1. Mind listing whichever residues of the stretch 55-66 are of a type in the set (Gly, Ala, Ser) and open to solvent by less than 10 Å² (accessible area, probe 1.4 Å)?
2. Of all residues being within 25 Å of Ala35 (Cβ to Cβ) and of a type in the set (A, V, I, L, M) in the stretch 174-190, which is surrounded by the most Cβ atoms within 10 Å (Cβ to Cβ)? Just the residue, please.
3. Report, ordered by the first and then the second residue, all pairs with beta carbons closer than 6 Å, sequence separation of six or more or different chains, a first member in the stretch 70-92 that is over 16 Å from Pro24 (Cα atoms), and a second member that is open to solvent by 20 Å² or more (accessible area, probe 1.4 Å) and among the β-branched types (Val, Ile, Thr).
4. Among the residues of the stretch 142-168 satisfying the criterion of being under 18 Å from the mean Cα position of the chain (by Cα) and without any contact (Cβ under 8 Å) to a residue 40 or more places away in the chain, which is surrounded by the most Cβ atoms within 10 Å (Cβ to Cβ)?
5. Test of understanding: among Leu108, Leu93, which residue is touching a helix residue (DSSP H, G or I) at 6+ places or on another chain (Cβ under 6 Å), closer than 12 Å to Leu46 by Cα and open to solvent by 20 Å² or more (accessible area, probe 1.4 Å)?
6. Select, from Ser168, Ser107, Ser177, the only residue that is of a type in the set (Ser, Thr, Tyr) and touching a Lys or Arg at 6+ places or on another chain (Cβ under 6 Å).
7. Would you confirm whether or not the stretch 17-35 contains a residue that is surrounded by fewer than 21 Cβ atoms within 10 Å (Cβ to Cβ), out of contact with any Asp or Glu (no Cβ under 9 Å at 6 or more places or on another chain) and closer than 21 Å to Pro136 by Cα?
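The values are calculated or read from the model by the stated rules, or taken from the named source; none is laboratory data. Please read these numbers as outputs of a predicted model, since none were measured by experiment. Cβ atoms come from the backbone with ideal geometry, glycine included; neighbour counts cover every protein chain shown. These area figures cover heavy atoms from the full protein model, side chains too; ligands, DNA and RNA do not enter into them. Shrake-Rupley method; radii C 1.70, N 1.55, O 1.52, S 1.80 Å.
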Amino acid sequence: MSDDQTRVQEFFTARAADWDSRFPDDGPAYAAAVAELGLRPGDRVLDAGCGTGRALPPLRAAVGPSGVVLGADLTPAMLREAVRAGRNRDGALLLSDVAALPLRSHSLDAVFGAGLISHLPSPAENLRELARVVRPGGVLALFHPIGRAALAARHGRPLTPDDLRAESNLRPLLAGSGWHLTSYVDEDSRFLALAVRED
């Protein structure tokens, strides 16, 4: 395992047990972000870096019983918490690094990534891997239940120009990775960037 993977696992393992209780009011924000993906019954969707699986219930509701919902995470402790919360009933859980997904190319209609981009060790490569598994015209949602400024304040640091989630940084990063940014919202109550997989 790479040093980057080890750091991510250590960070989330230490926080897994109380993750949901630290953010108990995020459910409606997740549901609203999932709604903006425009999923249809029967669609196939991945929650990349799913953590405790908070997006899995709204994803399952969106694609219905005929759809496929997958949750992939690098940290076993987070997946255990997803199972403890019963969210494995809404989607199949995969212990997997999003940098090397065990999925066929073009096999998904959409990817949802909550809080994902700041934990990617090689963002351009990792976003290309997400593009690989999504069909042309499929959708990527990069989401956080609070905006960039609010998140920086929560962590006691200033908002910096090199933040990957700034539109001026994110748009070319996505474009170079097989995605076209179609919608960008960064307000105190949420961050949501939607992109379409290019042909």
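1. Across the stretch 55-66, the qualifying residue is only Ala55.
2. Leu174
3. Leu74/Val8; Thr75/Thr13; Ala77/Thr13
4. Only one residue tops the list, namely Asp163.
5. From the options Leu108, Leu93, the qualifying one is Leu93.
6. Working: Ser168 fails: touching a Lys or Arg at 6+ places or on another chain (Cβ under 6 Å); Ser107 fails: touching a Lys or Arg at 6+ places or on another chain (Cβ under 6 Å).
From the options Ser168, Ser107, Ser177, the qualifying one is Ser177.
7. Scanning the stretch 17-35, I find at least one residue that is surrounded by fewer than 21 Cβ atoms within 10 Å (Cβ to Cβ), out of contact with any Asp or Glu (no Cβ under 9 Å at 6 or more places or on another chain) and closer than 21 Å to Pro136 by Cα, so the answer is yes.
Listed here are the residues, each with its yes/no results for (1) at pLDDT 95 or above; (2) in contact with a helix residue (DSSP H, G or I) (Cβ under 7 Å, 6 or more places away or on another chain); (3) within 20 Å of Val196 (Cα to Cα).
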| site | (1), (2), (3) |
| --- | --- |
| Phe12 | no, yes, no |
| Val34 | yes, yes, yes |
| Asp43 | yes, yes, yes |
| Leu56 | yes, yes, no |
| Ala61 | yes, no, no |
| Pro65 | yes, no, no |
